[in-house]
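Report on the following structure.
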Amino acid sequence: MKLLTITTLLLVLNINLLYAKNEKVIVKHKINCDMTVKYKKLPPTTNKFSEIFTNGMFYGRLRVNNFGYEKENLSNITNMTIDNYITGLGGSFVYKTAKINGFSFTNGLYGAKTVGHVQSTITTFGQNYLQYEENKNHLKLGRFPLETFLLKSNDTKMIPNTFEGGYLEILSLPKTELKAAYITKQKLRDHENFHHPFAYGDNQTTPHSQWSQNDDGGMHRGLTLSKLQQNHIKDNIIVLEAKNGTLPHTFFRIGYTTVPNLISSSVIEGTYKLKLDKGFIIMPSLRYMQQFDNGAGAIGGANLRNNTIGYSNPNSLASSLIASRLDIIKDESSIRFGYSKVDDKGDIVAPWRGLPTAGYTRAMSQTNWYANTQTYMLRADYDFEKARMVEGLRGMMRYAIQDFDDKKPGVQADSKVLTIDFIKHYSSMPNFYTKIRTAFVKGESETENFDGTLKADPSYHEVRLEVNYLF
């Protein structure tokens, strides 16, 4: 297969070029499994104003992303293959000042240059915020990454998703984490500028205006900026969230996210950890999300793509989602069985890179929170290093069966998804890692709409190769 052959050659080439022995490297920050940045070493506290900048710290990241995409249309009318290959070269430089009287400042510059079918350059200050810290509690004002149930940085491409506003995190309570945020702007991963967080661009006098505001895959295309302005609605976001692990072997999360006068949602989630004989661990989890329509349905309709045929109430976005999973863990391996079901009402709206079915049934690049969608997933993880097979190598496989509503033309056809990921770290170069992700999607090609036309075949293949160096 051409796509896999090219990716394999790129992987070998990048490893051979960048792999080098360096035992003196200090790991100042790392990338977590959920693709968020965690700072392991922070600037010191100072009592002198003159040392705020001299005692600050730089955090650098060099990044290469290679993307390959093949889409096949197997309908009875046409038979064509669309191939896309692109490479992204870039990285980031983040500077944190020393802390004085609890105050500090962070500024982050991100850049990317693409080579391939689309050639462009993006440069943006994705972080620019003042922080006050006291007794493990943090207050941020400005532009920053954010990790809540529906709002996430989601750093899977070249530039993370960041937000503008205020953010309070309280960590001083025993086994409890509290978060509150007020967001006025957002910058998506492929955008240079901050924009409306819950409005789709539709300025007819501006070229490509549909990409000027929130054009995320989970954004509602009917909630346009002009419609919100006509109704004198500001699309600011309020987030309240709490996590607690007080009960033995139990973890709870509750959250509330709202865009006043448009839409809001609440979530409750619980996980229980049970240790069995012979090293087995069983972890069942349950998530329930309720979406409330506070006026968005009347403006944009029940479907994310403006096609409300087949919806019981075409002008309502009220809906709910339930998801469950069971993890079975033993030493270096784990298996997850996941299931999710969206109520047959309105679509779930989630355009801030926090994915409602993530961790349960969502596979790479999939949107499976349309109305009346059921998804079944099997996931397997294996730590080759823990098994003493290959140093620093971990792998993950996901297989999902996505059952969409055939009676809704605004929803895609059913599909089966297989994803395979590998990530490799190197002990001799702790700041360097490589990651390869593959997706193989096979969709139904004979699903008919009400008028006899066929739904688009969602089949495609995708490969992503990522090389990172942190310093």
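The values are calculated or read from the model by the stated rules, or taken from the named source; none is laboratory data. All figures in this text were calculated on a predicted structure; none of them were measured in a lab. With ideal geometry, Cβ positions are generated from the backbone for all residues, glycine too; neighbour counts draw on all protein chains shown. Only protein heavy atoms, including side chains, enter the accessible area calculation; ligands, DNA and RNA are left aside. Shrake-Rupley method; radii C 1.70, N 1.55, O 1.52, S 1.80 Å.
So that you can scan it fast, the table gives a plain yes or no per residue for (1) within 28 Å of residue 368 (Cα to Cα); (2) under 21 Å from the mean Cα position of the chain (by Cα); (3) part of a strand (DSSP E or B):
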site: 421; (1), (2), (3): yes, yes, yes
site: 427; (1), (2), (3): no, no, no
site: 438; (1), (2), (3): yes, yes, yes
site: 442; (1), (2), (3): yes, no, yes
site: 446; (1), (2), (3): yes, no, no
site: 450; (1), (2), (3): yes, no, no
site: 467; (1), (2), (3): no, yes, yes
| remark: For the range 378-399, pairs from a residue that is assigned to a strand (DSSP E or B) and modelled with pLDDT under 95 to a residue that is open to solvent by 40 Å² or more (accessible area, probe 1.4 Å) and not hydrophobic (A, V, I, L, M, F, W, C), with Cβ under 9 Å and 6 or more apart or across chains, are none
| task | Examine the range 448-464 for a residue that is in contact with a Pro (Cβ under 7 Å, 6 or more places away or on another chain), open to solvent by less than 30 Å² (accessible area, probe 1.4 Å) and not β-branched (Val, Ile, Thr), and state whether such a residue exists. | result | no
| query | With respect to the numbered conditions (1) part of a strand (DSSP E or B); (2) open to solvent by 10 Å² or more (accessible area, probe 1.4 Å); (3) of a type outside the set (Asp, Glu); (4) within 22 Å of residue 290 (Cβ to Cβ), which one is the sole condition not fulfilled by residue 345? | reply | (1)
| task | Could you identify the single residue in 298, 358 that is within 30 Å of residue 224 (Cβ to Cβ) and either in contact (Cβ under 8 Å) with a residue 40 or more places away in the chain or surrounded by 15 or more Cβ atoms within 10 Å (Cβ to Cβ) (or both)? | result | 358
| message | I'm checking my understanding of the structure. Among residues of the range 36-66 that are among the β-branched types (Val, Ile, Thr) and assigned to a loop (DSSP other than H, G, I, E, B), which one is modelled with the lowest pLDDT? | response | 36
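Results for (1) of a type outside the set (S, T, N, Q); (2) within 29 Å of residue 348 (Cα to Cα); (3) in a strand (DSSP E or B), shown as yes or no for each residue.
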position: 122; (1), (2), (3): yes, no, yes
position: 126; (1), (2), (3): yes, yes, yes
position: 142; (1), (2), (3): yes, yes, yes
position: 148; (1), (2), (3): no, yes, no
position: 160; (1), (2), (3): yes, yes, no
position: 165; (1), (2), (3): yes, yes, yes
| Restricting the search to the range 115-156, which residues are open to solvent by 60 Å² or more (accessible area, probe 1.4 Å) and within 13 Å of the chain's Cα centre (by Cα)? | 152
| task | Give the residues of the range 288-313 that are of a type in the set (D, E, K, R) and either under 18 Å from residue 249 (Cβ atoms) or assigned to a loop (DSSP other than H, G, I, E, B) (or both), sorted by residue number. | result | 305
| message | What are the pairs with Cβ atoms under 6 angstrom where one residue, in the range 117-146, is within 18 Å of residue 98 (Cα to Cα) and the other, located anywhere, is among the charged types (D, E, K, R)? Sequence gap at least six, or different chains. | response | 127/143; 128/143; 129/140; 129/143; 131/140; 138/169
| message | On the basis of being under 26 Å from residue 366 (Cβ atoms), in contact with a Gly (Cβ under 8 Å, 6 or more places away or on another chain), buried (at least 17 other Cβ atoms within 10 Å of the Cβ) and not acidic (Asp, Glu), does residue 259 make the cut? | response | no
